[in-house]
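Below is one structure, written out as structure tokens, with a few remarks after it.
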Amino acid sequence: MDLAATIRSVPDFPIAGILFYDITTLLKDPAALKESIDRLTAQYQSAGVDVVVGIESRGFIFGIPLAYNLGVGFVPVRKPGKLPAATLSESYALEYGVNTLEIHEDAITKGQKVLVVDDLLATGGTAKATCNLVEKLGGEVVGLAFAIELTFLKGREILKGYEVYSLLQYDQ
């Protein structure tokens, strides 16, 4: 199945000059959604994953069914103030400022093999911050999985040393 054919391109969103790749059209297509989750499952079926970590919020969309298929649990990584128990936080630089992510302190146990999932790999800052959180808790990141990768933003460079997999890659 051609998953790229189910992605809507929206010019000048969120600002002029940006071409936005919209996954909502993939998500509403039952065959494309199933194919996406099936491909991600096949990629990590034998990777020994103990838990899937999904990055707020679109990482939840792909992460939860993937965790279900792999027969493992799911851990959310969220924006500050969204998790009810004690958390560990990690801040990372944005083009204009700083952002922060949080994970529950008891979400990952030492030695667990963790798969990090999000919808999009752009510059890699969010994914790298999530890997840092997992590793601070003693987890081992066995892979990072994305629906879309914007290769021209070179997110893989900040993620050197990790296995990165994406369903779709865009050069511009």
In the stretch 1-18, the residues that are of a type in the set (Val, Ile, Thr), under 17 Å from GLU149 (Cβ atoms) and in a loop (DSSP other than H, G, I, E, B): ILE7, ILE18
Among the residues of the stretch 107-116, which ones are outside any loop (DSSP other than H, G, I, E, B) and either farther than 17 Å from ILE158 by Cβ or in contact with a Lys or Arg (Cβ under 8 Å, 6 or more places away or on another chain) (or both)? LYS113, VAL114, LEU115
Looking only at the stretch 112-123, count how many residues are more than 10 Å from the chain's Cα centre (by Cα) and crowded, with 23+ Cβ neighbours inside 10 Å. 1
Pairs with Cβ under 6 Å, 6+ apart, first in the stretch 82-106 and without any contact (Cβ under 8 Å) to a residue 60 or more places away in the chain and in a loop (DSSP other than H, G, I, E, B), second among the acidic types (Asp, Glu) and surrounded by 13 or more Cβ atoms within 10 Å (Cβ to Cβ): LEU83/GLU102; ALA86/GLU105
Residues satisfying the stated conditions in the stretch 19-61, i.e. closer than 22 Å to LEU133 by Cβ and in a helix (DSSP H, G or I): LEU40, TYR44, ARG58, GLY59, PHE60, ILE61
Can you name the residue in the stretch 117-172 that is of a type in the set (Lys, Arg) and assigned to a loop (DSSP other than H, G, I, E, B) and, of all such residues, is nearest to ALA67 (Cα to Cα)? LYS160
Flagged in the stretch 62-81 as closer than 30 Å to ASP29 by Cβ and in a loop (DSSP other than H, G, I, E, B), in numbering order, are GLY71, VAL72, LYS79
Scan the stretch 108-130 residue by residue and report those that are free of Cβ contacts under 8 Å to residues at least 40 places away in the same chain and touching a Gly at 6+ places or on another chain (Cβ under 9 Å). THR109, LYS110, GLY111, ALA122, THR123, GLY124, GLY125, LYS128
Applying the selection to the stretch 84-111, what residues are under 18 Å from the mean Cα position of the chain (by Cα) and not acidic (Asp, Glu)? SER89, SER91, TYR92, ALA93, LEU94, ASN99, THR100, LEU101, ILE103, HIS104, ALA107, ILE108
Quickly run through the stretch 15-37 and pick out the residues that are touching a residue at least 12 places away in the same chain (Cβ under 8 Å), more than 16 Å from GLN169 (Cβ to Cβ) and hydrophobic (A, V, I, L, M, F, W, C). LEU27, ALA31, ALA32, ILE37
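A short reminder: the numbers here are calculations on the coordinates, not readings from a lab. Since this is a predicted model, take the numbers as computed values, not measurements. When we count neighbours, we look across all protein chains shown, and the Cβ atoms used for this are built from the backbone with ideal geometry, even at glycine.
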